[in-house]
């Protein structure tokens, strides 16, 4: 995909997700219900964090106290998962392509000073790096201990954009740290169709992406399914 093609696709994704956020953000973030109460919505985020993080502490914490850890979330939406992460970890950095989703997430995280929400360009994490340098000046670059993404990449209709995100996470993740994320694994979907059904990955494609981006794909679960989970551990120098 050329940069021009990517820019057009990202612009469409931004417009589509802004519209979805204005229409019914909670439903488009978690389509299990048409109307969520605030309590139900954020409780569903806690449940997902229980299932995917608190049940996987050996891979994620790696002996660290979670309150000492910095974590990164790709695609925070309206802050459903971000709130749960902020209650568990020391610092959370979260990005989303939709300005309206970011506005709602910041409102949801007002009581969590350890959560930092950014409107990004939909293809990299430069806004997070710029914030860190602007806050601290010259010194040690930001390094996160764990990165997470769920129900996000399954909506990105380009493997190139997804792979660039993986590469960008690798720039911020500490050596040996885990990027745990979910992609579309259904082989029947077509890349580049719209901003709802994302590009799919086979196990081989996922492993090859990990190798190109400096990761070891140690585990995977759900190949061939919409919810295909990948465990990418950053290779040590």
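Per q in 0.09, 0.14 Å⁻¹, report the Debye log10 I(q)/I(0) for region 1-138, using one uniform scatterer on each alpha carbon and no solvent.
Listed by q, the Debye log ratios stand at -0.29, -0.70.
Please state the shape class of region 158-214: rounded when a/c is under 1.5, otherwise prolate if a/b exceeds b/c and oblate if not, all from the C-alpha gyration tensor. Present the calculation step by step, with values, prior to reporting the outcome.
Numbers: a/c = 2.40, a/b = 1.87, b/c = 1.28.
In terms of gyration-tensor shape, prolate.
Taking only Cα atoms and a 10 Å spring cutoff, compute GNM fluctuations for the chain and point out the largest among 45, 63, 176.
The residue that fluctuates most here is 63.
Quick one: grab the alpha carbon gyration tensor of region 135-237, order the square roots of its eigenvalues as a ≥ b ≥ c, and give me rounded if a/c is under 1.5, else prolate or oblate depending on whether a/b is larger than b/c. Please list the in-between numbers first.
Working: a/c = 2.40, a/b = 1.68, b/c = 1.42.
Verdict is prolate for region 135-237.
Using Cα-Cα distances under 8 Å and only pairs 6 or more residues apart, what relative contact order does the chain have, in percent?
Values: 433 pairs, mean separation 36.3, N = 237.
Relative contact order for the chain comes out at 15 percent.
When the Cα atoms of the chain are enclosed in a convex hull and the volume is divided per residue, what value in Å³ results? Please list the in-between numbers first.
On the way: hull volume 29.7 nm³, N = 237.
Dividing the Cα hull volume of the chain by its residues yields 126 Å³.
Among rounded, prolate and oblate, which fits region 5-63 when a ≥ b ≥ c are the square roots of the eigenvalues of its C-alpha gyration tensor, a/c under 1.5 means rounded, and a/b larger than b/c means prolate?
Numbers: a/c = 4.25, a/b = 1.43, b/c = 2.98.
Taking the square roots of the gyration eigenvalues as a ≥ b ≥ c, region 5-63 is oblate.
Could you rank the peptides 51-60, 224-233 by their average count of other C-beta atoms within 10 Å per residue, with the highest value first? Write out the running numbers ahead of the final one.
Working: 51-60: 14.5, 224-233: 18.9.
Put in order of decreasing packing, that is 224-233, 51-60.
Rank-order 79-88, 118-127 by packing density, defined as the average count of other C-beta atoms within 10 Å over each peptide's residues, highest first. The partial results should precede the final answer.
On the way: 79-88: 24.6, 118-127: 18.0.
Output ranking for 79-88, 118-127: 79-88, 118-127.
Return a whole-number percent for the relative contact order of region 1-132, with Cα pairs under 8 Å and 6 or more residues apart as the contact set.
Relative contact order, region 1-132: 23 percent.
Over all pairs of distinct alpha carbons, what does the Kirkwood formula give as the hydrodynamic radius of region 75-208, in Å? The partial results should precede the final answer.
Working: mean 1/r = 0.0639 Å⁻¹.
About 15.7 Å for region 75-208.
Computed from the coordinates by the stated procedures, all read-outs in this text should not be read as laboratory data. All of these numbers come straight from a predicted model, not from anything done at the bench. Using ideal geometry, Cβ is built from the backbone for each residue, glycine included, and neighbour counts are taken over all protein chains shown.
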